[in-house]
Amino acid sequence: MMVVAEASQESLKRRLNVSGGHGLNGTLRVSGAKNSALVLMTASLLSEETIELTNIPSLTDIDGMSAILRSLGVRVDRRADRIRLTAAELSGSAPPYELVNSLRASFFSIGPLLGRMGHARVPLPGGCRIGARPVVEHIRGLKALGAVVNVEHGIVTASVPGVRKRLSGAQIVLDCPSVGATETILMAAVLADGVSRIENAAQEPEVQDLAKLLNTMGARVTGAGGPVITVEGVERLLGCSNYPVIPDRIEAGTFLMAAAITRSPLLVEPVIPEHLSAVIQKLRDCGCNIDIMGRTVRITPGEITAVDITTQPFPGFPTDLQAPFMALMCTAKGTSVISEKIYENRLQHVAELQRMGASIRLEGSTAIVEGVAQLSAAPVTGSDLRAAAAMVLAGLSARGITEVAGLKHLDRGYDDLEAKLSGVGAEVKRNIC
Ligand code: UD1
C-alpha cells in the first residue's frame, strides 16, 4: 500500500501544468543541440588529450552520457554549460547495459572505442517506442573498415585483428542515410589506416558539427554535410578547447511552433537558419511571417491555415518536429496531411491530441488532421521526447489547464522548458504537490 502511495505521489510530481490561452511575448533562448552534444562527447574517446566543449545543454541525456564515459575511464568535469573530457587512459571498452539501454546515442561509442582501443563490447541499444531503430548499418560500416563483429546475447563485440589493431580505410555505401551510423563510422575511420569514403551519408547539421570537431582535433574529414564524406586517417587526435556545440534546431523549431500555436510574436535565438529551412518554409506556408536577422528569427503568426508535411532526412522536414507541428495543425483552418516516413511508430501523440478535442484520422503512418476552433485541456501523456513537447504546445493553446505527464522524456531533451516558456508569459508549472 505504502509503495503504491509513494508511486502515485511520484507520478503526481511528474506533471507539467500548462494553463492555456495566454499570449506570449519576448525572446526565447535556444540551448546547445542535444544530439550534437551527445556525439561530440563520445568523440573524446578518440584522444588522450582533453577536449573542452561549450554550450552544453542541461539535460538528463547529458548526465547519462557523462556516466557512460566515466564508466570507461574518462574524466568528466562539467561546469555550467562547459564540459571538459579527458580520456587519457581508458579503463574499459564495455559500457554497462543499464546505461546504454537508456540512451541510444551511447551505442555510437562503439566507433571511437574501436578506433582508439581496437576492441569494444557495447550492448545493443534498448527497444524504442517510436520504432525498431536497428544498428545494422553501424555494424556493416565497422565490418567494412576491417573489424570482426559479433552480435550475441544482446551485445555487440567488435575487434580489429592484427598486432597494430588499426582499422583500414574503405568505401562504405549506406543503405539509408542513418545519422547514428554515419557518426559511428566517421569516428571509427578518423584513426584508420588510409582513406575512407562514406556514401549516402546523413547530411544532418549534427554530422557536420562532429566533422568540424574532429578536424579541430587534427582529423582530416571533408564533405560532411553532403552525401559523400571522405576521411583520411591520421595517427592520433589532439585535444581542443572552447569548442561550441551548435544551437539545437529542434528546440528552436519547437519554440517557433509555440509562437505559432499561441498566435504570438516571438524572437528565437540563437538559430542557424539554414538548419531550419524546411521548417521555416512550412511555417511561412501556413501563415507565419518570419524575419531572419542573422542568428535571430522573428516570427509573427497570422491566421494559421493547414499545410501538409512529410518527414524526411535533412534537409527535409525533421521527424523530431512532426509531433509539435501536428499540435499546431490541430488549431489550423482546414485539413492537413502529415506523413511520418522515418519511424514506423511515431504517431502515438495522435491519441493524446484527440483527448484534447483534436480531430485526427490515422491511415497507416499518415495522420489527417482537421483543425478545430479550440482545443480543450485534459490530462495527457507524452510517450516520447517530442510527443511530450507537442503536448506542452497543445496545452499552451487549449482552454483550461492541461496536465502533461511523461516528463522524464521531456527532461531528456529540453533544457528547462518551463522556465523558458514562463519567461515569455506562458503559465507552465511543474506540479510538485
Ligand atoms: C538520430 C537522432 C534522432 C532523430 C533521428 C532521425 C541522435 C542521438 N538522434 O537518431 O533524434 O530522430 O536521427 O533524424 O542523433 N535505420 C536503419 N538501419 C540502421 C540505422 C537506421 O534502417 O542501421 C533507419 C531507422 O530505422 C530509421 C532511420 O534509419 O528509420 C533513421 O535512423 P537514424 O538516422 O539512424 O536515427 P538515429 O541516429 O538513431
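Please treat every number below as a calculation from the coordinates, not as lab data. Just so it is clear, the structure is predicted and the values come from calculations on it, not from any experiment. Using ideal geometry, Cβ is built from the backbone for each residue, glycine included, and neighbour counts are taken over all protein chains shown.
Using the Karplus equation 6.51 cos²θ - 1.76 cosθ + 1.60 (θ = phi - 60°), what ³J(HN,Hα) coupling, rounded to whole Hz, does each residue of the range 58-69 give in order, writing x for Gly and Pro?
With the stated coefficients, the range 58-69 comes to 8, 9, 5, 5, 5, 4, x, 5, 4, 5, 5, 5 Hz.
What residue among M293, M65, M391 shows peak mean-square fluctuation when the chain is described by a Gaussian network model with Cα springs under 10 Å?
Highest fluctuation of the listed residues: M293.
Taking 0.36 nm per residue of separation and subtracting the Cα-Cα distance, what length does fully extending T335 through I155 add?
Separation in residues times 0.36 nm, less the Cα-Cα distance, equals 60.2 nm.
At 7 Å along the Cα-to-beta-carbon direction for both V195 and K143, put a label point, then send me their distance in nm to one decimal.
2.6 nm
Counting GluC sites (Glu not before Pro) as exposed when in a DSSP loop with at most 14 other beta carbons within 10 Å, what is the longest stretch of the chain free of them?
Values: sites that count: E48, E89, E235, E303, E344.
The reported range is 90-234.
For the range 242-310 and the range 56-110, what is the separation of their Cα centres, given in Å?
Here the answer is 31 Å between Cα centres.
Among G180, I229, G239, whose Cα sits farthest toward the positive end of the charge dipole of the range 173-239 (+1 at Cβ of Lys/Arg, -1 at Cβ of Asp/Glu, about the Cα centre)?
Of the options given, the answer is G239.
Pull up the DSSP beta bridges for the range 34-244 and report the antiparallel fraction as a percent, rounded to 5.
75 percent
When only C-alpha pairs under 8 Å and at least 6 residues apart count, what is the relative contact order of the range 34-244, in percent?
Value for the range 34-244: 21 percent.
Apply the Karplus curve 6.51 cos²θ - 1.76 cosθ + 1.60, θ = phi - 60°, to the phi angles in the range 48-53 and return the couplings in whole Hz, x for Gly and Pro.
Karplus-based 3J(HN,Hα) across the range 48-53 equals 7, 8, 6, 10, 10, 10 Hz.
Taking only C-alpha pairs under 8 Å that are 6+ residues apart, what is the relative contact order of the chain in percent? Numbers along the way, then the final one.
Numbers: 1067 pairs, mean separation 89.2, N = 433.
That works out to 21 percent.
Beyond 23 Å between alpha-carbons counts as too far, so tell me which of K34/K212; K34/K333; K34/K420; K408/K429; K282/K341; K34/K408 fall in that bin.
Correct reply: K34/K333.
With each pseudo-label sitting 7 Å past Cα toward Cβ, what's the R399-D416 distance in nm, one decimal?
3.5 nm
Residue-wise, which Karplus ³J(HN,Hα) couplings in Hz belong to the range 251-264, taking 6.51 cos²θ - 1.76 cosθ + 1.60, θ = phi - 60°, and x for glycine or proline?
Each residue's phi maps through the Karplus curve to give 5, 4, x, 4, 5, 4, 6, 5, 4, 5, 6, 9, 6, 10 Hz.
Between R164 and R298, with labels modelled 7 Å along Cα→Cβ, what's the label distance in nm to one decimal, could you check?
5.9 nm
Set the Förster distance to 41 Å, then compute FRET efficiency between Q374 and D63 from the Cβ-Cβ distance, nearest 0.05.
Details: r = 39 Å, r/R0 = 0.94.
Result of the calculation: an efficiency of 0.60.
Roughly speaking, what is the stretch gain from E48 to V228, that is 0.36 nm per residue apart minus the C-alpha to C-alpha distance, in nm to one decimal? Working shown, then result.
Values: separation 180, 0.36 × 180 = 64.80 nm, distance 2.87 nm.
Net length gain for the segment: 61.9 nm.
For D291, put the label point 7 Å out on the Cα→Cβ axis and report which residues of the range 235-267 keep their amide N under 14 Å from it.
265-267, by backbone N distance to the label point.
Could you tell me whether the range 34-244 comes out rounded, prolate or oblate from its Cα gyration tensor? Rule is a ≥ b ≥ c as square roots of the eigenvalues, rounded for a/c under 1.5, then prolate if a/b exceeds b/c, otherwise oblate.
Note, shape of the range 34-244 comes out rounded.
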